[in-house]
Amino acid sequence: MKMKPHIPVLTRFDYVRSRSRLFSKLPLKSSLWSSRWISSRFTHTDNSGKVFYITTPIFYVNAAPHIGHLYSAVTADCLHRSKLLQGFNSRFATGTDEHGLKIQQAAESVKKDPLTFCNEVSERFKHLFVRSNISYTDFIRTTENRHHCTVELFWTILHQKGFIYKGTYEGWYSTQDESFLMPTQVTEACDVNGNVIKISTESGHKVEWMKEENYMFRLSEFRSPLLRWLKENPNAVQPEKFYHMVLQWLDSELPDLSVSRQKSRLRWGIAVPGDSEQTIYVWLDALVNYLTVAGYPGNHSLWWNAAHHIVGKDILKFHAIYWPAFLMAAGLPSPQVIHVHSHWTVQGKKMSKSLGNVVDPFDTSQRYTEDGMRYFLLRQGVPEHDCDYDDAKLVKLLNSELADALGGLLNRCTAPTLNPVQVYPHFCSSAFPKGSAQEPTSRAKPEDYKMVESVAELPNAVQEHFERLHIYKALEAISVCVRQTNGFVQRHAPWKLDCTDACDKRWHDSILHVSMECLRVYGTLLQPVVPGLAHKLLSRLGVRPEERSWEALRFLERYHGRTCSFEGRPLGPDTGVLFNRLEKDTAKEKPKMSKKTRLVCQ
């Protein structure tokens, strides 16, 4: 038996059902919508500073996953892992969005019932994420009972507070985007048969005129509150480009939003509580997933007060306008930050099944390795701009930065020819004195001190870039330092030193010690990006699991006159090449979908 949702006492104000009674007594400068109240009620700080909640969008299961989905997941995973390494209690949610007309139609097209269809595609996403080392803590599906209960409760609260009313919607609707559109968002185009059709100016998808009785959300009442929230929280939407885009949207009046569809049109979804003839709008249903994972309406505040969303630019309006408005109406805080990223294209064109240019992440991960794909996506992905996928570029990047620069450096430092006793060598402070190359015993050069300074500053720079989701900048900074370290080794050529001479031996070991310390920093900082490769690197250096947090970095302790626990420690076992070079011929092969993936896409 389905239990009726419990409605807790949530109101700070005496909300009533009637719109006229609720708002006629509240002028624009009233205490309800005052700037001070918005700031205290809808923004928040995490007093402990050590709780973090990151989400991807829940991915629509009308087709198999592509690299755009993987990019969102890898980005969130990178941020989650970096927080864990900083000592945060971090939660990471992803999942699948399984309701709506598109899925209903996709299931019908392959003659399957919707739930069976959803089960199959959702498993594909799970399989991809496990294979790609995505360390989510929660995988939410909108067909789960826990989510149904949360959506029904959330709807009931909005309805009881007078923010949902029965009305008639008339206007343009895109089934492909599951989105209602203003007349200014619609234009004419010709279909493949030359017929004139109406399409969305944003997505290019076909739209249809719709008129039906359903439930409406009073979105029009939230334009001013949304503007105040954004202006008081200029970092609420990042990067800044997308923040200004949302402000532009709010320059115009917001019409009330249809939040249900007639059951005769949309059967596959959650029924409106108390009205079995209406189905809840898929976006209201989907957005509530973030609260479901947080534990709403129970003890959810710990997580919800630390919520960060990662979304693609195509769903920004739903997350930066609709979602905060729904939350405000329910008396809940808005997310701390909405991180927005752009799209992946192929030869400058958006990926689509009709063009046949959809890049299969299963195939590419198999050919270029999971860590290789993660590194490429995060190294090349620039949130502000669309990024182009290219196999040749991928091969060149991975060979250059992972196989040659990073892998070559590790191989040099641990090779039996240079390190015959296979230990973490000792450092000689007289050969590499702190701060100056002018000491008589110094064999270090000014460029070496610049390298040490760069590596010492690297953790803070990487952390700052991660916080703003400029992961590509963090990886560029690491790559620059790796090149500097390779230059350091090449400059001093330890293989040319005579280790039977005591002075040469101390300098030889110091070169390897400094280089290994640099490698230890790179391996630690790369854990969120390429966890498998970083584990292999750190294990080869003999770095134990408890020594891999950012707090444990303590770079080049002996240089600063302190004890280094790594000196003299045996290296870990040699498990082979850090990252195998990729053959150029591989880049010429067009990615192919597996038979199972093709069936799901059809």
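The values are calculated or read from the model by the stated rules, or taken from the named source; none is laboratory data. No experiment lies behind these values; they were computed from the predicted model shown. Please note: Cβ atoms are built from the backbone with ideal geometry, for glycine as well, and neighbour counts cover all protein chains shown. Just the protein is used for accessible areas: all its heavy atoms, side chains included, with ligands, DNA and RNA removed. Shrake-Rupley method; radii C 1.70, N 1.55, O 1.52, S 1.80 Å.
Annotation for the range 97-114: at least one member residue is in contact with a strand residue (DSSP E or B) (Cβ under 6 Å, 6 or more places away or on another chain) and either in a strand (DSSP E or B) or over 17 Å from VAL282 (Cα atoms) (or both).
Put simply, of ALA461, ALA431, ALA392 the only residue that is of a type in the set (A, V, I, L, M), farther than 30 Å from ASN235 by Cβ and surrounded by fewer than 18 Cβ atoms within 10 Å (Cβ to Cβ) is ALA392.
Candidates in the range 353-378 are the residues that are closer than 19 Å to LEU578 by Cβ and basic (Lys, Arg); of these, the one that is least open to solvent (accessible area, probe 1.4 Å) is ARG374.
Here LEU85 passes the criteria (1) touching an Asp or Glu at 6+ places or on another chain (Cβ under 8 Å); (2) of a type in the set (A, V, I, L, M); (3) surrounded by fewer than 23 Cβ atoms within 10 Å (Cβ to Cβ) except the one numbered (1).
With respect to THR96, is the statement that it is under 20 Å from ILE315 (Cβ atoms) and touching a His at 6+ places or on another chain (Cβ under 6 Å) true? In short, no.
In summary, strands (runs of 3 or more DSSP E) completely within the range 303-404 and bearing 3 or more residues that are among the aliphatic types (A, V, I, L, M), in contact with a strand residue (DSSP E or B) (Cβ under 9 Å, 6 or more places away or on another chain) and within 19 Å of VAL246 (Cβ to Cβ) occur at 307-312, 337-341.
For the range 412-422, filtered to residues that are surrounded by fewer than 17 Cβ atoms within 10 Å (Cβ to Cβ) and in contact (Cβ under 8 Å) with a residue 40 or more places away in the chain, the residue that is nearest to PRO494 (Cα to Cα) is THR417.
When GLY171 is tested against (1) closer than 23 Å to ARG261 by Cα; (2) over 28 Å from the mean Cα position of the chain (by Cα); (3) modelled with pLDDT of 75 or more, only condition (3) is not met. The set of residues from the range 235-263 being in contact with an Asp or Glu (Cβ under 8 Å, 6 or more places away or on another chain) and open to solvent by 40 Å² or more (accessible area, probe 1.4 Å) comprises LYS241, GLN262, LYS263.
Quick one: which residue in TYR71, TYR53 is more than 18 Å from ARG131 (Cβ to Cβ), surrounded by 18 or more Cβ atoms within 10 Å (Cβ to Cβ) and under 17 Å from the mean Cα position of the chain (by Cα)?
Going through TYR71, TYR53 in turn, the sole match is TYR53.
If I filter the range 108-147 down to residues being among the charged types (D, E, K, R) and closer than 19 Å to PRO528 by Cα, which single residue comes out as most open to solvent (accessible area, probe 1.4 Å)? This residue is ARG131.
The set of residues in the range 278-301 being more than 30 Å from GLU213 (Cβ to Cβ), over 20 Å from the mean Cα position of the chain (by Cα) and outside any loop (DSSP other than H, G, I, E, B) consists of SER301 alone. GLY407 satisfies every condition listed in (1) modelled with pLDDT of 95 or more; (2) in a helix (DSSP H, G or I); (3) surrounded by fewer than 18 Cβ atoms within 10 Å (Cβ to Cβ) except (3).
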